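Chemist: Sharing a structure here in structure tokens format.
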Amino acid sequence: MAAPTPTQCILTTGNIMTAAHDILRHGTMSKSSTELITSLRSHIRSSPLSPPPSPSLSTPNNIPIYIPTPPAPEPLAEERSEYDVTVKLFHLPAAAADAHETHAQDAVKRVLTTLGISKIDLLILSLPGISFDAEDSAVLGCDPEDVARWAKTYSTLEMLHEDGVIGRLGISEFGSARLAAFLPHTRIKPSVIQINVRNCCVVPKPLILMAKKEGIELLTHNDCNDILPTESLEGVLVDEFNVLEKGRAVAPMWVVKYTAVIRSRGVVENKGYVSSISP
């Protein structure tokens, strides 16, 4: 009888700050999706696949498969108090909303294990299908059912905060209209809103005023919405490394980007990505 196909593959880049110079140069000048794919490709190339590449991608007992290998912890070099650890969690469109709780817990646990820590200082949530709208006064995407889904996903992070696993919570791409609809459904107000202002020159004034009123810090970013394009991922796993046979569908579920910065020097010591896909 053939071994069952796993329901989850875990992709890891390792610490890209210790990777080859060309990856770092490429990553600092490119979108996060390019940095993720480039780093993943390099990590697979430099590490043996475990188990070896298999067209069926089957494992005993239906356990997750790790690509390239089960990641070894990369603990922080100095005392934990010396670092700011930030995590951005991208829930991807292929994942069902009712799976977000399990996915968030899995993603956070993997970052904690990788860095050898027990707490994340800031976790920023990126929800699928939401992009920042410079026309901030427009009430877009504020259907009550949407708001209910956002709140349900966010509630998992609230529980992790209450358990002491996350210090501060943040959310990405929320303008004033979305924020006004969302805040009444939260128990723990986000302390950070991260927005992409690539398509506009300034942060809209209504959002600035609301953030100031609510005591929320505004941050900007240059991450792209489609952080793990399926076509690019298939190109790595199928064409380059033969982990999947041609024609097998790949469904990315979530991605986390983690960064550990030494506070006193403002130096990024550890940065990497972890992703879960359903083969």
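Chemist: How high is the FRET efficiency from residue 98 to residue 131, r the C-beta distance, R0 25 Å, rounded to 0.05?
Modeler: That gives a FRET efficiency of 0.60.
Chemist: Additional query: Let me know the shape class of the range 79-223, please: from the alpha-carbon gyration tensor, a ≥ b ≥ c as square roots of the eigenvalues, rounded when a/c is under 1.5, otherwise prolate if a/b is greater than b/c, or oblate.
Modeler: Working: a/c = 1.78, a/b = 1.40, b/c = 1.27.
It is prolate, given that a/c is not under 1.5 and a/b is the larger ratio.
Chemist: I've got another one for you. Taking K and R as +1 and D and E as -1, what net charge do the other residues with C-beta under 14 Å from the C-beta of residue 109 add up to?
Modeler: Details: positive: 110, 119; negative: 101, 106, 163.
It works out to a net charge of -1.
Chemist: Count the net charge of all other residues whose Cβ sits under 14 Å from the Cβ of residue 144, scoring Lys and Arg as +1 and Asp and Glu as -1.
Modeler: 0
Chemist: Further question: Give me the distance in nm between label points sitting 7 Å out from Cα along the Cα-to-Cβ direction at residue 69 and residue 84, one decimal.
Modeler: So the two model labels end up 3.4 nm from each other.
Chemist: Amide H to amide H, which residues 5 or more places from residue 253 or on other chains are under 5 Å from it, using H placed in the peptide plane?
Modeler: Answer set, sorted by chain and number: 276, 277, 278.
Chemist: Checking the table 119/152; 212/271; 189/257; 88/246; 152/271 against a 26 Å threshold on Cα-Cα, which pairs fail?
Modeler: Among 119/152; 212/271; 189/257; 88/246; 152/271, the Cα-Cα distance tops 26 Å for 212/271; 88/246; 152/271.
Chemist: Taking 0.36 nm per residue of separation and subtracting the Cα-Cα distance, what length does fully extending residue 189 through residue 8 add? Display every interim value, and only then the final one.
Modeler: Numbers: separation 181, 0.36 × 181 = 65.16 nm, distance 3.21 nm.
Gain on stretching residue 189 to residue 8: 61.9 nm.
Chemist: Turning to a different aspect of this structure: In the range 84-105, whose amide N lies under 17 Å from the spot 7 Å out along Cα-to-Cβ of residue 278? List them in ranges.
Modeler: Once the point is set 7 Å along Cα→Cβ of residue 278, 90-105 turn out to lie under 17 Å by backbone N, inside the range 84-105.
Quick note: the coordinates plus some simple rules give every number you see, no bench work behind them. Everything quoted here is computed from the prediction, not taken from an experiment. Reconstructed Cβ throughout: ideal geometry from the backbone, glycine too, with neighbour counts over all protein chains shown.
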